[in-house]
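Take a look at the structure set out below.
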Amino acid sequence: MTCQIVQKERDGVINPIFTCQPAGAQFASIGIRDCIGIVHGGQGCVMFVRLLISQHLKESFQIASSSVHEDGAVFGALDRVETAVEVLLTRYPDVKVVPIITTCSTEVIGDDVDGLLYKLEDELLPEKFPGREVHLLTIHCPSFVGSMITGYDRAVHDFVKRFAEKGEPSDKINLLTGWVNPGDVTTLKHLLAEMEVEANVLFEIESFDSPLMPDLNRHSHGNTSVETLRDTANAKATLALNRYEGAKAADYLKKKFKVPAVVGPTPVGIRNTDAFLKSVSEVTGKPIPQSLVEERGIALDAIADLGHMFLADKRVAIYANPDLAIGLAEFCLDLEMKPRLLLLGDDNSGYVKDPRVLALQENAPDLEIVTNADFWDLEDRIKNRGLELDLILGHSKGRFISIDYGIPMVRVGFPTYDRAGMYRHPVLGYAGATFLAEQMANTLFADMEVKKRKEWILNVW
């Protein structure tokens, strides 16, 4: 058998793995300090996405809507944007960055948001908010093409394009993290700190693991500043950890400002973290310190305790954001596990040419990769096509397949809302490799106990 890359066999979607472009742009926008986005569309385009992000991070944050109704959907709704900008800036005097995130309805009716922003900058801002620093930009997110991955990638590019400004050369690197958790950002910054490397981090979202303070202010926000975004043009190099969540911005900086770009690999697992640190060392000239060699050794020791005895030969299905999903598949192979199904939830034509996917074809002969996939592709293979699995790796929306078919599942990726504190724990770096391996093992242990399947092994392990 050879690894196959196939398109979903049906028209239509039965329970999507990804949501639409504006969700990705909204997630990117919450990583910027003094920024509140306005989603130009119906209220549901904000409400449901905000709920999803809040469920995942278990925090409240600010994002606005132009609240387009039926008349606007027919005759145009630019007046709603103008009103939204004025109300937002009046109510929140500290806001500096206001991205206007379009949606399917406002893209279809052809609202000229870009043209409106010129008017607002010439008239509204000088008249109503004189002397105030306000930056407006449009992020076009037609929901009927691409996915939330496309929206995130486009938003990172548009923020960088809007603010990057050539100045004095910097010793910093640009670190484009991709769609990750607060715990991942903390881990990545730790790795760089151990190497004594400074970085412009897009985006710093650790503060979404927010403290509960006496003033009861529960609104979280990102910490990537306008100054950081400007300085991306002066960096020594750009490291985009994900091909599909940041590479567009890295390419822009390379073409416009001659900032060298390194794209990937996503540092999931030991092998990919090694490659990440090697890239950092090569672009900065800084050696990899002994402290990280020891951290790597601790991770290897933890994995050695589990790998051959409990994880080897376990059959796995994986779905997640594409860079994360591919990284998870690579990590599973390194653990001697057997990835059997990899679901990529949109129809990006680049997947079939991705060198990591081509490598999976060489190294995982029993793997099927499905693009434009939905959850029926997973359930159908289990229910009707005889796919036997020991484990599922993916976000919370697949939980009912796990429950219905009695297959243990490790929650990883976005959104994860049915397990406590997952946003706090990294899946990237050496710490993430340890956490993932132990999560998989513990999930299998619990399944062994529930099903009374060789659970006695745990007594003598």
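Yes or no: the stretch 61-69 includes at least one residue that is farther than 15 Å from C104 by Cα, assigned to a helix (DSSP H, G or I) and polar (S, T, N, Q). Write out each step before concluding.
Keep residues of the stretch 61-69 that are farther than 15 Å from C104 by Cα, which gives 61-64.
If we keep only those that are assigned to a helix (DSSP H, G or I) too, we end up with none.
Scanning the stretch 61-69, I find no residue that is farther than 15 Å from C104 by Cα, assigned to a helix (DSSP H, G or I) and polar (S, T, N, Q), so the answer is no.
From the list V98, V87, V81, pick out the single residue that is under 20 Å from A155 (Cα atoms) and part of a helix (DSSP H, G or I).
None of the other options fit; the residue is V81.
Just the residues that are outside any strand (DSSP E or B), crowded, with 20+ Cβ neighbours inside 10 Å and among the hydrophobic types (A, V, I, L, M, F, W, C), please, taken from the stretch 326-343. Full working, then the answer.
To start, the set of residues in the stretch 326-343 that are outside any strand (DSSP E or B) comprises 326-337.
Pick out the ones that are also crowded, with 20+ Cβ neighbours inside 10 Å and you get 326-332, 335, 337.
Answer for the stretch 326-343, where residues must be outside any strand (DSSP E or B), crowded, with 20+ Cβ neighbours inside 10 Å and among the hydrophobic types (A, V, I, L, M, F, W, C): I326, L328, A329, F331, C332, L335, M337.
This table checks each residue for (1) under 16 Å from C35 (Cβ atoms); (2) among the small types (G, A, S); (3) out of contact with any helix residue (DSSP H, G or I) (no Cβ under 7 Å at 6 or more places or on another chain); (4) assigned by TED's automatic domain parsing to the domain that holds L117.
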{"position": "V134", "(1), (2), (3), (4)": "yes, no, no, yes"}
{"position": "A155", "(1), (2), (3), (4)": "yes, yes, no, no"}
{"position": "K161", "(1), (2), (3), (4)": "yes, no, no, no"}
{"position": "E168", "(1), (2), (3), (4)": "no, no, no, no"}
{"position": "G178", "(1), (2), (3), (4)": "no, yes, no, no"}
{"position": "H190", "(1), (2), (3), (4)": "no, no, yes, no"}
{"position": "V197", "(1), (2), (3), (4)": "no, no, no, no"}
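Can you spot a residue in the stretch 381-394 that is polar (S, T, N, Q), at pLDDT 95 or above, out of contact with any Lys or Arg (no Cβ under 6 Å at 6 or more places or on another chain) and surrounded by fewer than 21 Cβ atoms within 10 Å (Cβ to Cβ)?
Yes, there is a match, as at least one residue in the stretch 381-394 is polar (S, T, N, Q), at pLDDT 95 or above, out of contact with any Lys or Arg (no Cβ under 6 Å at 6 or more places or on another chain) and surrounded by fewer than 21 Cβ atoms within 10 Å (Cβ to Cβ).
Tell me which residues, restricted to the stretch 7-43, are surrounded by fewer than 13 Cβ atoms within 10 Å (Cβ to Cβ) and either within 28 Å of D209 (Cα to Cα) or at pLDDT below 90 (or both).
Q7, E9, R10, D11, G12
Taking the stretch 417-436 on its own, how many of its residues are in a helix (DSSP H, G or I), surrounded by fewer than 24 Cβ atoms within 10 Å (Cβ to Cβ) and small (G, A, S)?
Count: 1.
Please go through the stretch 395-416 and pick out each residue that is surrounded by fewer than 21 Cβ atoms within 10 Å (Cβ to Cβ), among the basic types (K, R) and in a helix (DSSP H, G or I).
Residue satisfying the conditions is R399 alone.
Kindly indicate whether any position in the stretch 356-367 is more than 30 Å from F144 (Cα to Cα), outside any strand (DSSP E or B) and of a type in the set (K, R).
no
Inside the stretch 1-57, can you point out the residues that are charged (D, E, K, R) and outside any loop (DSSP other than H, G, I, E, B)?
Answer for the stretch 1-57, where residues must be charged (D, E, K, R) and outside any loop (DSSP other than H, G, I, E, B): just R50.
Can you tell me how many residues within the stretch 154-191 are out of contact with any Gly (no Cβ under 6 Å at 6 or more places or on another chain), small (G, A, S) and assigned to a loop (DSSP other than H, G, I, E, B)?
So the count comes out to 3.
Rundown of residues vs (1) crowded, with 18+ Cβ neighbours inside 10 Å; (2) under 20 Å from N234 (Cβ atoms); (3) modelled with pLDDT of 95 or more, yes/no style:
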site: G131; (1), (2), (3): no, no, no
site: V145; (1), (2), (3): no, no, no
site: T150; (1), (2), (3): yes, no, yes
site: D153; (1), (2), (3): yes, no, yes
site: H157; (1), (2), (3): yes, yes, yes
site: N174; (1), (2), (3): yes, yes, yes
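With surrounded by fewer than 16 Cβ atoms within 10 Å (Cβ to Cβ) and assigned by TED's automatic domain parsing to the domain that holds R399 as the only criterion, which of D305, D346, D323 stands out?
On the way: D346 fails: surrounded by fewer than 16 Cβ atoms within 10 Å (Cβ to Cβ); D323 fails: surrounded by fewer than 16 Cβ atoms within 10 Å (Cβ to Cβ).
Of D305, D346, D323, the one residue that is surrounded by fewer than 16 Cβ atoms within 10 Å (Cβ to Cβ) and assigned by TED's automatic domain parsing to the domain that holds R399 is D305.
Which number in (1) crowded, with 23+ Cβ neighbours inside 10 Å; (2) over 29 Å from R154 (Cβ atoms); (3) among the aliphatic types (A, V, I, L, M) marks the one condition that A235 misses?
(2)
So how many residues does the stretch 81-110 have that are touching a strand residue (DSSP E or B) at 6+ places or on another chain (Cβ under 7 Å) and not β-branched (V, I, T)?
Matching residues across the stretch 81-110 total 4.
Name the single residue that is modelled with the highest pLDDT among those in the stretch 207-225 being crowded, with 18+ Cβ neighbours inside 10 Å and touching a helix residue (DSSP H, G or I) at 6+ places or on another chain (Cβ under 6 Å).
Checked the stretch 207-225; the qualifying residue modelled with the highest pLDDT is F208.
Hey, among the residues in the stretch 133-143 that are more than 18 Å from the chain's Cα centre (by Cα) and either surrounded by 22 or more Cβ atoms within 10 Å (Cβ to Cβ) or modelled with pLDDT of 95 or more (or both), which one's farthest from G246 (Cα to Cα)? Step through it out loud before you land on a result.
Looking only at the stretch 133-143, we keep the residues that are more than 18 Å from the chain's Cα centre (by Cα), and these are 133-138, 140, 142.
This time we only want the ones that are either surrounded by 22 or more Cβ atoms within 10 Å (Cβ to Cβ) or modelled with pLDDT of 95 or more (or both), so: 133-138, 140.
Details: E133: 27, V134: 25, H135: 21, L136: 21, L137: 18, T138: 18, H140: 16 Å.
Looking at the filtered set, the residue picked out is E133.
Identify the residue in the stretch 219-249 that is assigned to a strand (DSSP E or B) and among the polar types (S, T, N, Q) and, among all such residues, is farthest from V180 (Cα to Cα).
Residues of the stretch 219-249 assigned to a strand (DSSP E or B): 219, 224, 238-240.
Right, trim to among the polar types (S, T, N, Q) and you get 224, 238.
Details: T224: 15, T238: 17 Å.
Residue satisfying both the conditions and the ranking: T238.
The values are calculated or read from the model by the stated rules, or taken from the named source; none is laboratory data. Computed from a prediction, not measured in an experiment: that's the story for all the values here. Backbone-built Cβ (ideal geometry, glycine too); neighbour counts: all protein chains shown.
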